[in-house]
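One structure is given below, encoded as structure tokens.
Just so you know, all these numbers are worked out from the coordinates, no wet-lab data involved. A quick note: this is a predicted structure, and the numbers were derived from the prediction, not measured. Cβ placement follows ideal geometry from the backbone for every residue including glycine, while neighbour counts extend to all protein chains displayed.
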Amino acid sequence: MQAVESFSFERYRETVDWLLSHTKQRPRIAIICGSGLGLLADSLKNQESFQYTDIPNFPRSTVPGHEGRLIFGELQGQPCVCMKGRFHMYEGYPLWKVTFPIRVFKLLGVETLVVTNAAGALGDSYNVGDLMVIRDHINLLGLVGENPLMGPNEDRFGPRFPALSDAYDRKIRALAMETARQLGYTSFVKEGVYCMVSGPNFESIAEARLLHSLGVDAVGMSTAAEVVVARHCGLRVFGMSLITNKVTKDYDTQELVDHHGVLEVSQRRASTLQKLLTELVGKLESIDNSSGN
Ligand code: HPA
């Protein structure tokens, strides 16, 4: 087998030491903002922001709609760090680079990772603009031999064979659904299964039908790899998808999905997602230090 390249523990440390010496903030929650969903990062109080290009070893994001900044600040009084712009496999990055920030967060002292993304819905019960709490994922790339944990295991981060059956924290999911209810969002907040594909093309109709038959509710080009690495190093994970389009499963449909449409919907719904996540982050403390999943 071909040797798998990756960064050594010391390279992660180098990045973390640089960040610790450039900010006094010590985040406990990390939030990854998906396509067009950077509004949340903008709402942090006492912001300190770093361009990815200035942070040692950090990749840079190349996608329209994805800025490249790491923003420290407070959300509902909780110390947070937000990624405004993430890295994707379709940009040409290997998965260990796509997931590089996750281990940096771990070494910074982060305990909980919140991931957001834009996704296409396969289920007929979903509408454009819905929010989906991620109950579980299908890491399609991992199933066919592209996993960010491949290569020598770094025991200082986690075990060689991590369990993934409890990937998305049960208590945070319940709290999110409860918060959605309190905000009057019940009609458009659902819970479902996310599937990560590499992209950059959107799905063919046969692929859409395959994913639907596998039990996928929403498909996108991110998240699962980041979650695998986060769970490996013991972070608690909460994930949420914004449904930006319905994936065509019908040969008679003429409509084509495009990135601008995806961005347009995420910008339109960003404030709703922001409201839900802000409320949720404010309540995370109430389930902190309880016994995990
Ligand atoms: N497919 C894959 N990724 C996506 C989609 C989609 O339909 N919508 C937003 N990201």
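The set of residues in the range 211-258 that are of a type in the set (G, A, S) and in contact with a strand residue (DSSP E or B) (Cβ under 8 Å, 6 or more places away or on another chain) comprises G215, A218, G220, S222, A224, A225, A230, G239, S241.
Looking at the range 44-65, can you tell me whether even one residue there is within 20 Å of the chain's Cα centre (by Cα), buried (at least 17 other Cβ atoms within 10 Å of the Cβ), within 16 Å of the ligand (Cβ to nearest atom) and touching a residue at least 60 places away in the same chain (Cβ under 8 Å)? Yes, the range 44-65 has at least one match. Residues in the range 108-127 that are assigned to a loop (DSSP other than H, G, I, E, B) and more than 13 Å from the ligand (Cβ to nearest atom): G109, V110, E111, D124, S125, N127. Residues of the range 124-175 that are buried (at least 19 other Cβ atoms within 10 Å of the Cβ) and in contact with a Gly (Cβ under 7 Å, 6 or more places away or on another chain): M132, I134, G158, Y168.
Restricting the range 169-221 to residues that are of a type in the set (S, T, Y) and out of contact with any helix residue (DSSP H, G or I) (no Cβ under 8 Å at 6 or more places or on another chain), the residue that is farthest from D258 (Cα to Cα) is S187.
Annotation: of all residues in the range 216-257 being assigned to a loop (DSSP other than H, G, I, E, B), within 14 Å of the ligand (Cβ to nearest atom) and of a type in the set (A, V, I, L, M), the one that is surrounded by the most Cβ atoms within 10 Å (Cβ to Cβ) is V216. Scanning the range 181-212 for residues that are over 19 Å from the mean Cα position of the chain (by Cα) and more than 16 Å from the ligand (Cβ to nearest atom) yields R181, Q182, L183, G184, Y185, T186, S187, F188.
Would you check if there is a residue in the range 3-13 being in contact with a strand residue (DSSP E or B) (Cβ under 8 Å, 6 or more places away or on another chain), on the phi < 0 side of the Ramachandran plot and not in a loop (DSSP other than H, G, I, E, B)? Among the residues of the range 3-13, not one is in contact with a strand residue (DSSP E or B) (Cβ under 8 Å, 6 or more places away or on another chain), on the phi < 0 side of the Ramachandran plot and not in a loop (DSSP other than H, G, I, E, B), which makes the answer no. Residues in the range 69-96 that are more than 16 Å from the ligand (Cβ to nearest atom) and in contact (Cβ under 8 Å) with a residue 60 or more places away in the chain: L75, Q76, G77, Q78, C80, P94, L95, W96.
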